[in-house]
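Shown next, in structure tokens, is the structure this report addresses.
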Amino acid sequence: MAPNLYSDGNLVVSEILSQEVSLKLAERGFFHTHPAIQYAGAAMGSAVSKVDYIDAGAGTLASTAENTAVAGTAFGFTRASITIAQHRLARSVSDMLRFLDSTGTVTNVEDFAADAAGSYAKTLSSLLITAAQSATASVGTSGSDMTWADFRAAKAALVAANAEVTPGSVVCVLHPTQFADLETNAAAAGVGDAVARSPEAQEVMQANAPLSGYRGRYFGVDVFTNTLIPTANSGADYSGFMAARTGLVWADALIEASLAGEREIIVDGGRLQIDFDRDSSKAMTNVYYQALVGASLGQDAAVVKMVTSAT
């Protein structure tokens, strides 16, 4: 009797796609919700949002002789301007793919909403990282690996500038290569357990969601890694940064529901719009994400660039 075998190929296909779809490696870190990042509110009537910083409480009383008038001293102001721009992303999925998709990845509204939220967070991270590159202060040595001495020098610069430097009020965003150099330096210096394995760092690590890019709290500074950190010095270095509150600021404009009554989702009170459009002539479903957002350097002295080797 002739057997029926799997290897004959009858009643089976040569390949079958697993119903579980894993995430492709990509930057999904976010840090814009950290307390060190200042939100300037939603703009109305203009695409430029402005934030003023006043020197109230920073004056000194002058010694004045009896029966002598004192001249008025005006408050000092520094103003940051955030230009809000339209940021959009489109996805387009065919009916054939939707109908044959066994995972639900491109058939569920919830999955598109998650994709939109992640893309929005990455966009805002990119805007803040770009804004940080305008900072004047900088630590590190071009072509040299990052060390904990560089890290402490950046924090010292913020302290010297009278920035708010308390545990949890300062954020540091580095390229993964820079953070790897910090780990190497910690091991070489024999302080690996004191820094990377401190109870404080472990507790905060456990409290953060996966894929956030969070690497722990060191010397009171919350550290994130992000591959969007740009290069400097003709690609020889990466330019990470450390920022205290008011150093980086962002603003947005809230999106209202479409007047056309189209199929759409308004997320987070209008900060993100997800719009579905059916193209029947091509049997395609188009999905559009939109956010009106911008970021800028706030107070220059509250941000320090950290420029170290990219290799």
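Some points to look at:
- Summing Lys and Arg as +1 and Asp and Glu as -1 over all other residues whose Cβ lies under 14 Å from the Cβ of residue 28 gives a net charge of 0.
- Separation of the stretch 119-179 from the stretch 296-311 is 5 Å, based on Cα centroids.
- Contact order normalised by residue count of the stretch 242-311, Cα under 8 Å, 6+ apart, percent: 40 percent
- Taking every C-alpha pair closer than 8 Å and separated by at least 6 residues, the mean separation divided by the residue count of the stretch 49-191 gives a relative contact order of 16 percent.
- Extending 7 Å from the Cα toward the beta-carbon at both residue 100 and residue 148 defines two label points whose distance is 5.6 nm.
- Virtual spin-label span in nm between residue 276 and residue 113, 7 Å along Cα→Cβ: 1.1 nm
- Counting Lys and Arg as +1 and Asp and Glu as -1 over every other residue whose Cβ lies under 14 Å from the Cβ of residue 297, the net charge comes to +3.
- Cross-link partners of residue 122 among lysines (Cα-Cα below 24 Å; sequence separation of 8 or more within a chain): 24, 50, 305
- For the stretch 211-311, the alpha carbon positions stretch 54, 30, 26 Å along the principal axes, listed from largest to smallest.
- Site pair residue 52 and residue 65 shows an inter-label distance of 3.6 nm when each label is modelled 7 Å from Cα along Cα→Cβ.
- Shown is the FRET efficiency for residue 141 and residue 77, computed with R0 = 30 Å from the Cβ-Cβ distance and rounded to the nearest 0.05: 0.25.
- The residues 44, 146, sorted by heavy-atom accessible surface at 1.4 Å with ligands and nucleic acids left out, run 44, 146 from largest to smallest.
- Pairs of C-alpha atoms in the stretch 267-311 farther apart than 18 Å represent 63 percent of all such pairs.
- Amide H contacts for residue 170 (H built 1.01 Å from N in the peptide plane; partners 5 or more residues away or on another chain; cut-off under 5 Å): 222.
The values are calculated or read from the model by the stated rules, or taken from the named source; none is laboratory data. Here the structure is a predicted model, which means the values were calculated and not measured. Glycine also receives a Cβ, built like all others from the backbone with ideal geometry; neighbour counts cover every protein chain displayed. The accessibility values were calculated without ligands, DNA or RNA, using every heavy atom of the protein model including side chains. Shrake-Rupley method; radii C 1.70, N 1.55, O 1.52, S 1.80 Å.
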